[in-house]
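Scroll down for the structure; my scribbles are underneath it.
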Amino acid sequence: MADDRQARRPGVVPRSPAVLARTLRHAVRGRGTGLRVRRDRSRRTDGRAAHRRRRRHDPDRSRPSPPRSRAGRHDRPRARRPTPLRHDRLPGRLRRRPPSLQVARLDHAHAPRRRPHLANVVTVKQIIAFTGLPGTGKSTLAEQLATETGVPAFAGDWLLGALRPHGVLGGLDRPAFLAMYYDLLGTLAERQLMLGQSAILDCLVNEEIAERWGELAARYDGQLRIVECVCSDEGEHRRRLEGRRRGIPGWHEVGWDHVLRMRSEYPQLESARLTVDAMETVERNLGLVRTFLRHS
C-alpha cells in the first residue's frame, strides 16, 4: 500500500529497499544522491562536516590542512574591471582647457537644444543679407545672429582684408573690384546652399545684387532675406563711426567721408526687406530679425 501511494505521488520514483539503504549510506558519507533525505538538524551531516571530523580524529595526520574556503559563488571576489580611458588622456588629444581659455564653438545641430526659443528661427535654406551704411550696426546684428543660430556669417570687409596683402586688389578698377567682391560673397553663399544650409552675408546690397542673390537662392529651393540697417540720428551715426575700432587684419578704418560716398553710390532699396534703426537696442533689433526670419 505504501509503495502504491509512493508511486502515485507526482515527481517521486519508487525505489527498492536496497537502493534506499545505499542512498542513506551515501548521504552519511557526504556523497550526492539526488534524493531528499530527512536529516537531524542538530548535527552537521553534510559531506564537508563529515570530512572535517574524519580529518580531525585521524591519528596519522602529520600537520593540519589549510581550512577549506566556504565562500559561495556569489561571495567570491569579482575580477577587477578595466579602468575606462578618459577622453582628455588619450594619446594625440589635448587636455581639456580651463574655463578661461575655452573657445565657444558654433554648433548648429545643438544650438536649438541650448536655446529652445531659437529652434524655429532659420527653418529653410536662406541667404540672410545684412545691408546698410558703415556704422549702422549691421555687422553687430549679423554676428549675434550667427552666434545664436550657428549659421556661418561672411563679412565682405574681412574677405577684402585677407586678399589685400597678396596684391589682388591693387590692379583692379572700381567695376572690376565690385564684381570680384560680390562674386566672392555669392560663391560662399552658393556653397552653403549646396550643402543644404543657410548663409549670412554682411555687405552693402543694391537692387542688382538683390535680384541676383534671390535667383541664386531660388535655384536651390531657398529664400533671400534682406535686413536693412539705418541710423535715424545723423549726429549719433557719425559719432559711432568715428569712435569704433574694428581691428580687421589687412583692412583700414573708414571715416565719415566714406559714408557720404557710399550713400550716393547705393540708393535706397526697393526690394522686400526688414528695416531696423540703430537707435534702438541691439536686443530689440535682434528680436525683430528673429520674427522676420521665422514668419517671412
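What ranking do 286-293, 123-130 get when scored by the average of other Cβ atoms within 10 Å per residue, highest first?
Descending packing order for the listed peptides: 123-130, 286-293.
Between Arg174 and Ile248, 0.36 nm times their residue separation minus their Cα-Cα distance comes to what?
The Arg174-Ile248 span can extend by a further 24.5 nm.
What full-extension length gain, to one decimal in nm, is calculated for Arg164 and Ala218 as 0.36 nm per residue of separation minus the Cα-Cα distance?
16.2 nm
So what J values fall out for region 265-275 if you push phi through Karplus, 6.51 cos²θ - 1.76 cosθ + 1.60 with θ = phi - 60°, rounded to Hz, Gly and Pro as x?
So the Karplus estimates, Gly and Pro as x, are 7, 10, x, 5, 6, 10, 6, 5, 7, 10, 10 Hz.
Using per-residue counts of other Cβ atoms within 10 Å, averaged over each peptide, order 172-181, 135-144 from highest down.
Descending mean neighbour count gives 135-144, 172-181.
Neighbouring Cβ atoms within 10 Å as the yardstick, rank Asp157, Asp233 fewest first.
Asp233, Asp157
A short reminder: the numbers here are calculations on the coordinates, not readings from a lab. On a predicted model such as this, the values are computed, not experimentally measured, just so you know. All Cβ positions, glycine included, derive from the backbone under ideal geometry; neighbour counts span all protein chains shown.
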